[in-house]
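Have a look at the structure below, then the notes.
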Amino acid sequence: MFFAVTTPRRPRCSLLLLCAAALIAMRDAPAFTFTDGTTTRCTARGGAVAEIAAPADHPVVVRGRIAITEPAGSGYRIIWNEAQLKTLPSEMHDFIFFHECAHALVPTPDEVTANCVGLQIMRAAGRAGFAVEAKLAAFYGPGNEYWRRTVECANAAKERAKPPG
C-alpha cells in the first residue's frame, strides 16, 4: 500500500506515475531460479531485494564466495557469483537463496543466524524436509558444528511456535 503526501506545489499525478513506474520496474526485476526451474524474489521491508550478477573483478568473485548480501540505499541487494552458484549441489544451490535473503530479512551479519532463518523460511516454503536437510548436512560434512547449530536454532524456533497445550 502506498501513502502519499501532496503539497500544493507538486501535482498528485506525478507521484502516481512514479509509483506506477516503480511497480513496473519491480515486476521486471530478475528473480532467483531454483534448480527445478521455478523462480522467486526475496522481499524484505515491503520491497524486492535487488539481485545482481557480480562482475569478474567484484570481491565476491575474487574471494571465491558464492554471494553477499549488502545494504543498498534504504534496502539490500544480493550479489551473486554465478559461476560458484552453478557448482553447488541442487539442495545447497536452493538453500543459499534462503540464506542470503535472511541476511536482508533479519537483518544480520551473523552466518548461523542467516542459516537458521533461511532454513526456517525454506521449510515454510515447502522446499526443505528430511531428505533435503540430510543432503545439506552431508554438504557440510558429518558432525559439522556450523550445520548442527543451524538445525538446532531452526528447530528451537519451530518448537517455540507451537501453541500451548
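The values are calculated or read from the model by the stated rules, or taken from the named source; none is laboratory data. Because the structure is predicted, anything quoted here is derived from the model rather than measured. Ligands, DNA and RNA are stripped out before the accessible areas are found, and what is left, the full protein with its side chains, is counted by its heavy atoms. Shrake-Rupley method; radii C 1.70, N 1.55, O 1.52, S 1.80 Å.
Taking every C-alpha pair closer than 8 Å and separated by at least 6 residues, the mean separation divided by the residue count of region 25-165 gives a relative contact order of 16 percent. Of 111, 70, 51, the residue with the largest accessible area leads and the full order is 111, 70, 51 (1.4 Å probe).
Residues whose amide H lies under 5 Å from that of residue 43, counting only those 5 or more places away or on a different chain, are 49; hydrogens are built 1.01 Å from N in the peptide plane.
Residue 85 exposes around 20 Å² of accessible area when a 1.4 Å probe is run over every protein chain in place.
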